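Where a number appears in this text, it was derived from the coordinates with a stated rule and is not lab data. Because the structure is predicted, anything quoted here is derived from the model rather than measured. Cβ placement follows ideal geometry from the backbone for every residue including glycine, while neighbour counts extend to all protein chains displayed.
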Amino acid sequence: MYGYTEFFIKVNEMNRQYINFSLNACCICTTSKVVWFVHWGMPALFKYNFEREKIILVREIPNVSYGKAGSGFKTIIEINDKLFLIPCRADNIVVYDIKQDKFTEIELKSPAEVMFSKGFLINGKIYCIPYLYDWIVSVDIDTYDIEYLINWKSELNIIGDGLNIDAASIAKETIFCIIPMTNVLIKFNYISKKIELARINGLSNIISICCIDQKVYVYDNDSMEICILDSQLKNVEFKRKINVKNVDLHSVLNTYIVIDCIHESKQFYYDKNLNYVRESIHNCTEKKYMKSFYSVSCWSDYNAHNNLQCVLYEDDELQVFNKNASKSYNIRITENEAVCIRKELAKELSFYENPLMNLNDWIKQLI
């Protein structure tokens, strides 16, 4: 048992650790005024205000259990003063009305353990690309009407319980998806609603994909090469050896390709022709709580309206890109925000060992 002095020190140490709360995100988007993101480790919506340079807990996301919070959502889309949260481990699409400060759920039939890998806003509809879910789905941003467009496994005659779509990107009228540990791409034309397969000669384990100017780039994890595919999506037109296993690909401002390592906090930048530009390192050297198991960063999609794109790194540095430059912000949870988090998520957090609730906080929840 601790003596009084030892106990006092332990409680104060715990209080000091509140600010070492990780802000790893599972999805993120940016506007000219704020960055919105959902936390990786708990069902909570946050925003970062550029003018105030302050991180703010907006609200607990309802009906998403703490146990499902790890990668609860895959994409966040801001449109017409609303945020559309596309589920990954959560079950349903969630809409947050910014002006009314109100959440609405759009229920989906027969949810899977892991729902979607990506969402794309196109002409007033959000197209949701499955991870394990059976259907490619669209949701109308005004009416919230759901369309179940294609049962992708049935349509493509794909057999196998373990097969999933792990990444997707868009070029012109086509959404391109990958089935990891294969050389297979899925092409979904959102105009015609037709879907087909393409097999890439010479590749064996495509794990990520992105597009710039109608060119399709993929990463083969076996050869550790980034590849530009030809227009027929049958052969590799050009490739570059990277010598890194397990990466995500992202296009930055439709100008650069970034190769973001999943298990180490390092990013490699290349131009459209795969000429090396630079690299960055964002190692998290502090002990942080509620941190993702992975070192990979969380990237927003390019916001063409504002010419903005952002990334939240493992070390909680937020970088915002525009066409002319980029700016970085070191963001942290303050003690005041830690208090808000404890109040907002007290019911969930009280059942888990965590640094956001000290002994006094926990006892209050039991009374």
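Worth pointing out:
- Per DSSP, loop trypsin sites (Lys or Arg not before Pro) in the stretch 188-255 with at most 16 further Cβ within 10 Å: LYS193, LYS234, LYS245
- Nearby aspartates and glutamates by direct alpha-carbon distance to LYS241 (threshold 20 angstrom, same-chain neighbours under 8 apart not counted): ASP220, ASP222, GLU225, ASP230, ASP260, GLU264, ASP271, GLU279
- In order along the stretch 231-243, the Karplus-derived 3J(HN,Hα) couplings, from 6.51 cos²θ - 1.76 cosθ + 1.60 at θ = phi - 60°, round to 5, 8, 6, 10, 9, 8, 7, 7, 9, 9, 6, 10, 6 Hz, and Gly and Pro are given as x.
- Length-normalised contact order for the chain - Cα pairs under 8 Å, 6+ apart - percent: 14
- Summing Lys and Arg as +1 and Asp and Glu as -1 over all other residues whose Cβ lies under 10 Å from the Cβ of ILE93 gives a net charge of -3.
- Multiplying the residue separation of VAL339 and ILE98 by 0.36 nm and subtracting their alpha-carbon distance yields 84.5 nm.
- Principal-axis tilt of helix 4-16 within the chain, Cα atoms, nearest 10 degrees: 30
- Under 22 Å of direct C-alpha separation, and excluding same-chain neighbours fewer than eight residues apart, LYS153 reaches these lysines: LYS74, LYS109, LYS118, LYS187, LYS193, LYS194, LYS234.
- Inter-site label distance for LYS234 and PHE293 at 7 Å from Cα along Cβ, in nm: 4.1
- Distant alpha-carbon pairs in the stretch 268-334 (separation over 18 angstrom), percent: 47
- As a rough guide to protection, the peptides 25-34, 124-133 ranked by mean Cβ packing within 10 Å, highest first, stand as 124-133, 25-34.
- Rounded to the nearest 10 degrees, the inclination of helix 335-344 to the longest alpha-carbon principal axis of the chain is 80 degrees.
- Here the Karplus relation 6.51 cos²θ - 1.76 cosθ + 1.60, evaluated at θ = phi - 60°, turns the backbone of the stretch 188-197 into coupling constants of 10, 8, 6, 7, 7, 6, 9, 10, 8, 9 Hz, with x for every Gly and Pro.
- Near VAL277, the amide H atoms lying under 5 Å from its own belong to TYR269, TYR270, ASP271; only residues 5 or more places off or on other chains count, and H is placed 1.01 Å from N.
- The per residue volume of the convex hull around the alpha-carbon atoms of the chain is 156 Å³.
- Rounded to whole Hz, the Karplus (6.51, -1.76, 1.60) HN-Hα couplings of the stretch 110-118, x for glycine and proline: 6, x, 9, 4, 10, 7, 10, 9, 5
- Loop-located GluC sites (Glu not before Pro) in the stretch 78-178 (DSSP state other than H, G, I, E, B) with a sparse environment of at most 13 neighbouring Cβ atoms within 10 Å: GLU107, GLU113, GLU173.
- The chymotrypsin sites (Phe, Trp or Tyr not before Pro) of the stretch 257-349 meeting both criteria, a DSSP state outside H, G, I, E and B (loop) and at most 12 other C-beta atoms within 10 angstrom of the site's C-beta, are PHE293.
- Ellipticity estimate at 222 nm from DSSP helix runs (n ≥ 4, -39,500 (n - 2.57)) divided over the chain, nearest 500: -3000 deg cm²/dmol
- For ILE93, residues with placed amide H under 5 Å, excluding near neighbours: ILE106, LEU108
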